[in-house]
1. Six or more apart or on different chains, Cβ atoms under 6 Å: show the pairs whose first residue is in region 174-190 and modelled with pLDDT under 95 and assigned to a strand (DSSP E or B) and whose second is among the small types (Gly, Ala, Ser) and surrounded by 13 or more Cβ atoms within 10 Å (Cβ to Cβ).
2. Among the numbered criteria (1) touching a Ser or Thr at 6+ places or on another chain (Cβ under 9 Å); (2) within 21 Å of residue 208 (Cα to Cα), which single criterion is violated by residue 119?
3. Just the residues that are part of a loop (DSSP other than H, G, I, E, B) and at pLDDT 90 or above, please, taken from region 47-87.
4. Quick one: how many residues across region 88-102 are at pLDDT 85 or above and either in a loop (DSSP other than H, G, I, E, B) or not aliphatic (A, V, I, L, M) (or both)?
5. Output the number of residues of region 210-236 satisfying the condition of being assigned to a helix (DSSP H, G or I) and not charged (D, E, K, R).
6. Name the residue that is surrounded by the most Cβ atoms within 10 Å (Cβ to Cβ), counting only residues in region 179-194 that are under 19 Å from residue 129 (Cβ atoms) and within 17 Å of the chain's Cα centre (by Cα).
7. If you scan region 95-120, which residues turn out to be under 22 Å from residue 237 (Cβ atoms) and either among the acidic types (Asp, Glu) or surrounded by fewer than 18 Cβ atoms within 10 Å (Cβ to Cβ) (or both)?
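The values are calculated or read from the model by the stated rules, or taken from the named source; none is laboratory data. In this text the structure is predicted, and so the values were computed from the model without any measurement. Reconstructed Cβ throughout: ideal geometry from the backbone, glycine too, with neighbour counts over all protein chains shown.
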Amino acid sequence: MLKELFQAIADQAIKASAPVKDAFDPTKFYVYRDNEGELKTLGSAVEFRRHSVNTIDDLAQFAKDHIDEVEMSSVFYNRNSITLFINDEDRRDRVTIELALSPQFTLMKELKGSAEQGEVIRALRSTLFGCFSPDLKLVESLRNLKWGDESTGESNLQRGKASIGSAIRRELNGLESIPEYIDFTVPVFSTKVEYKATIKCLLDPDEKNKRIILAPLPGQIDTALFEAEVEIGRRLALAMQTSEDGKGPCFLYHGSP
């Protein structure tokens, strides 16, 4: 009889030592040791919730709608995305705006070295259409550009007239109508955040190879991307304002979570 009594007490002790799930916060992890001395984990039954919106105003409204439910929210922004954590403490619920570079800006990044005359003209007529001043008549000037050789006894080192050997130079017809530098004003992002940047590019005919050099000046791409990020931060700060002193429901961070 004592044996059965001891067994009943032992069973009750085991049951009493087992964790009661309803007593735990399911959004957090707990570590406990079971009756056999083995470590177990409990919790995190609530899955991460991920939402997607299309504008900064939508994201700001999401934060304002939950301002009374959490102590503080946080927003991280960069050139790839904008992410709102509704509750900065557990960061379970997030709202994201995914950013993608526009075709025009992507082309600006890829411009390196030289290209065939026809390739440059096609890019100006398609991807970069409307991104430069029509007063330049750039496409027309490039179409009228002719390549030719002429034997002379002169040596000329001006733009477009480099001396080759002692008596041969390459001459470009129509060069005088082509500017040395072009300012392209292009959208940085394809959708969701409207922002344009001006990229200054070198435009120089490569007379030796009968190709055209079109490339951004050093630092132009990096500067444009950084300024785009700064503009995103400025717009977020304005959209998040909930009081006259400019305070909002979120911490703003320029970076990645």
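1. Final answer for the pair search is none.
2. It is condition (1) that residue 119 fails.
3. So the first thing to find is which residues in region 47-87 are part of a loop (DSSP other than H, G, I, E, B), and the list is 47-48, 53-55, 66-72, 78-80, 86-87.
The answer is 53, 54, 55, 78, 79, 80.
4. The number of residues fulfilling the criteria is 7.
5. First, the residues of region 210-236 that are assigned to a helix (DSSP H, G or I): 220-236.
Applying the additional criterion that residues be not charged (D, E, K, R) yields 220-221, 223-226, 228, 230, 232-233, 236.
Residues in region 210-236 being assigned to a helix (DSSP H, G or I) and not charged (D, E, K, R): 11 in total.
6. 188
7. 96, 98
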